[in-house]
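Structure record follows, encoded as structure tokens.
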Amino acid sequence: ILTTEKSNRILTTEKCNPIVAVAFVAKVMEKAAKAFTEKDNQLSAVHAGRKVMRMAIETPNFEPVQIPLKYIEQSTKDFSDERRLGEGSFSWVFEGKDNVIQRKFAVKLMKLRFHAEIEIAEARRTFEREIVTLKYFSHPNIARLYAYHLDQDLHGTHCLVYELASLGSLDQILRNKSQRGRLDWTKRIGVALDVARALQYMHSGKGGQICFHRDVKSSNICLKRNHSALLIDCGIAKMIPLDESEATMTVMESAGNGLRGTPGYICPTFSRRQKHYGSANEVFSLGIVFAELFTGFLQNEDIDGEEIDLFERYSGDGIEKLDLVSAADECAGQWDTGAKKAFADLTFRCIGLHPKSRPRVNEIVERLEKLASQARPWSVGERNSITVLSSAPLVYFDDEGVHPISMMPHFALERDTLSRCIQESNRDIELIFDVATD
């Protein structure tokens, strides 16, 4: 006796041909097997994705690899609105969460609303360029790319999976007065230093190639829970091989590429001539970010019907030429007088009209390191020690509680994580690793 799924009719061998009955049974079994196989494949894809993410997060210098789309869809609840963190010109950003490995991450999903084929192709190339760029560079202040999913079909789903900075982007923080108040002047100097260090690393060629980010702005800087900064969105970055000539290493021909970057953050001399792009152009963009940190105003922000232009307001070459020192954001708290003047002076030099008058990135880092040491309640020369007992995994804290850095004791990962924390704190701390005896 056979029961059909749709009509619930009972078929007996008296009412149907045996051959038909056998064919019917075979079809039902084939359908069930197909459904089971599909579900099994989905589970396998999720498990494979989880394995990739665990390795990517726990392994220093892990090279990003392709990850199953099913895993990304599950971790973002099929890219639901409740998981959406923000959006850009080419993409949306979602929060991904894996409760099994107790990790969160950011997922950038390429928009497919472009009508022209050339626009879709350009968006895809932007994703590919970002993957290549981040494979070369590994730095505490550059957001790590864990994995990616690029569909073979140009109109398919394309995603990048990143390290998540839980406090969000710098522009969002400065736009919110309550959050801005928690970013006091010492933390703002720390953010400025972190971004400068990221650019110093990219410009130095330590990743094997010299690289210009080309879109440094507050919305491309995200803050972690400890207020350390990550530079994100390297989609229009330009890399130059180290074996190129000196002129090519320091100057990038932009003809044919169009004007890249965000208006207001682009060096005025570059936007007018559109010929060469080098370190000095990147320093101007960095200077605008410094001005945002110092004043609390956002570049291009509309206030009372007037669009803010920090270059025109505070640069010696601008129209208004207002005093930058007196424009310090009150939400940043009571500045140290010397640090306040020094940071304002550095910002003023960075946003000067003439590229040759701007400081080099190395000088910016040196000056900010000095300011950061003065902004701390301890002496840089003071030496402390931490003894690490390796009987149990190190843990980290977030809103949901305490989580291990790795599921098992992992000496290399714990050592590198602690070393990074010490480097970010600017403290002179000696690490001593030992084995627990109990």
Pairs over 20 Å Cα to Cα, from Lys177/Lys370; Lys340/Lys370; Lys108/Lys187; Lys70/Lys104; Lys135/Lys238; Lys217/Lys340, come to Lys177/Lys370; Lys108/Lys187; Lys217/Lys340
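When a/c is below 1.5 the answer is rounded, else prolate if a/b is larger than b/c, else oblate, so apply that to the range 156-244 with a ≥ b ≥ c taken from the square roots of the Cα gyration tensor eigenvalues.
Numbers: a/c = 2.64, a/b = 1.56, b/c = 1.70.
Verdict is oblate for the range 156-244.
Listing Ile221, Ile118, Ile240 from the residue with the fewest other Cβ atoms within 10 Å to the one with the most, what is the order? Each step should come with its number before you reach the end.
Numbers: Ile221 27, Ile118 8, Ile240 17.
So the ranking, lowest neighbour count to highest, is Ile118, Ile240, Ile221.
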Listed by chain and number, the residues whose amide H is under 5 Å from that of Leu353, excluding neighbours fewer than 5 places away on the same chain and using placed H, are Asp317
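Would you mind computing Rg(Cα) / (2.2 N^0.38 Å) for the range 269-355, counting N as its residues? Show your work: numbers first, answer last.
Details: Rg = 13.3 Å, N = 87, 2.2 N^0.38 = 12.0 Å.
Taking the Cα Rg and dividing by 2.2 N^0.38 Å, one obtains 1.11.
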PRE zone check, label point 7 Å out along Cα-to-Cβ of Thr269, amide N under 16 Å, scope the range 349-369, hits 349-361
To the nearest 0.05, the calculated FRET efficiency linking His155 and Asp317 through their beta-carbon distance, R0 being 30 Å, is 0.05
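Count neighbours as other Cβ atoms within 10 Å of each site's Cβ, and list the trypsin sites (Lys or Arg not before Pro) in the range 41-90 that are DSSP loop with at most 14 such neighbours. If you can, show how the numbers build up before the last one.
On the way: sites: Arg50, Lys51, Arg54, Lys70, Lys77, Arg83, Arg84; in loops: Lys77.
Qualifying residues, ordered by number: Lys77.
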Ser44 and Ala116 label points (each 7 Å along its Cα→Cβ direction) are spaced in nm at 4.3
The size of the Cβ-based charge dipole (Lys, Arg +1; Asp, Glu -1) of the range 125-214 about the Cα centre, to the nearest 20 debye, is 480
Expected unfolding gain across Gln423-Ala327 under the 0.36 nm per residue rule, minus the alpha-carbon gap, is 31.4 nm
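Taking a ≥ b ≥ c as the square roots of the eigenvalues of the Cα gyration tensor of the range 171-375, is the shape rounded (a/c under 1.5), prolate (a/b larger than b/c) or oblate?
Numbers: a/c = 1.68, a/b = 1.40, b/c = 1.20.
Prolate, because a/c is 1.5 or more and a/b exceeds b/c.
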Taking a label point 7 Å from the Cα of Gln374 along Cα-to-Cβ, the residues of the range 310-329 whose backbone nitrogen sits under 19 Å from it are 324-329
Sorted by chain and number, the residues with a modelled amide H under 5 Å from that of Leu322, at a separation of 5 or more or across chains, are Tyr314
Length gained if Asp302 through Lys104 is fully extended, taking 0.36 nm per residue and subtracting the Cα-Cα distance, is 67.9 nm
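Given a Förster radius of 22 Å and the C-beta distance between Asn61 and Val132 as r, what FRET efficiency does 1/(1 + (r/R0)^6) yield to the nearest 0.05?
The computed FRET efficiency comes out at 0.90.
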Sorted by chain and then number, the residues having a modelled amide H within less than 5 Å of the amide H of Arg103, at least 5 places away or on another chain, are Asp98
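Rule-based calculations on the coordinates, nothing more; no lab input. Nothing here was measured: the structure is a model prediction, and the numbers come from that model. Every residue, glycine among them, receives a Cβ derived from its backbone with ideal geometry; neighbour counts consider all protein chains shown.
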